[in-house]
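Scroll down for the structure; my scribbles are underneath it.
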Amino acid sequence: MSGRPLPVGSAPSARPVIMGVVNATPDSFSDGGEWFDPDDAIAHGLALWRQGAQILDVGGESTRPGAERPSVSEELRRVVPVVAALSEAGCVVSVDTMRAGVAEAAIGAGAAYLNDVSGGLADPAMVPLAVESRLPFIAMHWRGHSADMQSRAVYDDVVVDVARELAERRETLLEAGIRANRLILDPGLGFAKTGDHNWQLLRGLDTIVGLGQPVLLGASRKGFLARVGRPAGAERTPKERDVATAVTSLYAAQHGAWGVRVHDVVGTIDAFDVADELAEEG
């Protein structure tokens, strides 16, 4: 029995929704293919769910800078069995894909959210599918595929430019028939962004939240967190970035994010629990 999507509204709850990452890929930057085998991915997703994740985001295509795209058949092979098993176990599952065919198969397998890092730009069939499905649709700021996206990391003012481009995309999606109460925006940290751009977007998160849609933030284990406070040559490995990720997720919570997409669910919950305790009046 698949889990139902959580309520999506313009105002976040007391703490953001925690979306746990399930990478069914051989070449993810964050875990190096550790969960590539479907059985391993399913077990990992169930573990994240037990730890407190409220959504499991299953993806079969690495979107790290320079990554090559898998075939449609290969992405289906990676994603659909994992979505089906996790949904059958009662988990709320999101499918992370830019392909409408993969999204449609995942919906059939029980997916409750559509997470498209291209915001529906990569596949013209995605937005009509999102409208028809009536599922929550996560639209990220996007300027092109991973192979060459970093060449497009040019902005006059990254906060102003990303906010404007997200607002324009929002209007297009609403005009196409996606309901405002089912649309979630993502500023796309690391996608056609330099490390400095990511920090500027975090400092300007209020501007993105101010667009009036729920905002999902995906900073987890990304390269800009490897370098903060470290000299060249002493950067953190992906799994060593979980503490920095938890701090960033807490910052996002304090600035109105609807959700955070993370690899380390326990550390994120710990950070939120500490903040809640400190906010208690004695």
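Looking only at the range 242-273, count how many residues are in contact (Cβ under 8 Å) with a residue 40 or more places away in the chain and polar (S, T, N, Q). Full working, then the answer.
At the first step, the residues of the range 242-273 found to be in contact (Cβ under 8 Å) with a residue 40 or more places away in the chain are 248-249, 251-253, 255-266, 268-269, 272.
Next, from what is left, pick out any that are polar (S, T, N, Q): 248-249, 268.
The total comes to 3.
The conditions are (1) part of a loop (DSSP other than H, G, I, E, B); (2) touching a helix residue (DSSP H, G or I) at 6+ places or on another chain (Cβ under 9 Å), and H145 fails exactly one of them. Which is it?
All conditions are met except number (2).
Yes/no per residue for (1) in contact with a Ser or Thr (Cβ under 6 Å, 6 or more places away or on another chain); (2) among the polar types (S, T, N, Q):
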{"position": "G195", "(1), (2)": "no, no"}
{"position": "Q200", "(1), (2)": "no, yes"}
{"position": "R203", "(1), (2)": "no, no"}
{"position": "I208", "(1), (2)": "no, no"}
{"position": "Q213", "(1), (2)": "no, yes"}
{"position": "A219", "(1), (2)": "yes, no"}
{"position": "K222", "(1), (2)": "no, no"}
{"position": "R227", "(1), (2)": "no, no"}
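Before we move on, is E61 in a loop (DSSP other than H, G, I, E, B), in contact (Cβ under 8 Å) with a residue 60 or more places away in the chain and among the acidic types (D, E)?
It is false that E61 is in a loop (DSSP other than H, G, I, E, B), in contact (Cβ under 8 Å) with a residue 60 or more places away in the chain and among the acidic types (D, E).
Given (1) at pLDDT 85 or above; (2) under 15 Å from D264 (Cα atoms); (3) in a loop (DSSP other than H, G, I, E, B), identify the lone condition not met by S30.
(1)
Out of the range 218-242, which residues are out of contact with any helix residue (DSSP H, G or I) (no Cβ under 7 Å at 6 or more places or on another chain) and modelled with pLDDT of 95 or more?
Once the filter is applied, which keeps residues that are out of contact with any helix residue (DSSP H, G or I) (no Cβ under 7 Å at 6 or more places or on another chain) and modelled with pLDDT of 95 or more, the range 218-242 yields only G218.
Considering only the range 265-282, state which residues are in contact with a Gly (Cβ under 9 Å, 6 or more places away or on another chain) and not hydroxyl-bearing (S, T, Y).
Residues satisfying the conditions are V265, V266, I269.
Return the total of residues in the range 149-182 being closer than 24 Å to S220 by Cα, in contact with a helix residue (DSSP H, G or I) (Cβ under 7 Å, 6 or more places away or on another chain) and not in a helix (DSSP H, G or I).
2
Conditions first: (1) touching a Lys or Arg at 6+ places or on another chain (Cβ under 6 Å); (2) surrounded by fewer than 21 Cβ atoms within 10 Å (Cβ to Cβ). G119 passes all but one, so which condition is the exception?
Tallying (1) touching a Lys or Arg at 6+ places or on another chain (Cβ under 6 Å); (2) surrounded by fewer than 21 Cβ atoms within 10 Å (Cβ to Cβ), G119 fails exactly one: (2).
Go through the range 60-102 and give me each residue that's within 17 Å of W142 (Cα to Cα) and not charged (D, E, K, R).
Result: S62, T63, P65, G66, A67, T97, M98, A100.
Report yes if some residue within the range 67-90 is assigned to a loop (DSSP other than H, G, I, E, B) and crowded, with 21+ Cβ neighbours inside 10 Å; otherwise report no.
Looking for residues that are assigned to a loop (DSSP other than H, G, I, E, B) and crowded, with 21+ Cβ neighbours inside 10 Å, one finds none in the range 67-90, hence no.
Of all residues in the range 111-134, which are under 16 Å from the mean Cα position of the chain (by Cα) and either modelled with pLDDT under 95 or not hydroxyl-bearing (S, T, Y) (or both)?
The answer is A111, A112, L114, N115, D116, V117, G119, G120.
Which ones in the range 156-175 are farther than 20 Å from A112 by Cα and surrounded by fewer than 17 Cβ atoms within 10 Å (Cβ to Cβ)? Outline the logic, then answer.
Let us first name the residues in the range 156-175 that are farther than 20 Å from A112 by Cα, namely 156-172, 175.
If the condition is that a residue be farther than 20 Å from A112 by Cα and surrounded by fewer than 17 Cβ atoms within 10 Å (Cβ to Cβ), then D156, D157, V160, D161, R164, A167, E168, E171, T172, E175 are the ones that fit.
The values are calculated or read from the model by the stated rules, or taken from the named source; none is laboratory data. The model shown is predicted, which means the values in this text are computed figures rather than measured ones. Please note: Cβ atoms are built from the backbone with ideal geometry, for glycine as well, and neighbour counts cover all protein chains shown.
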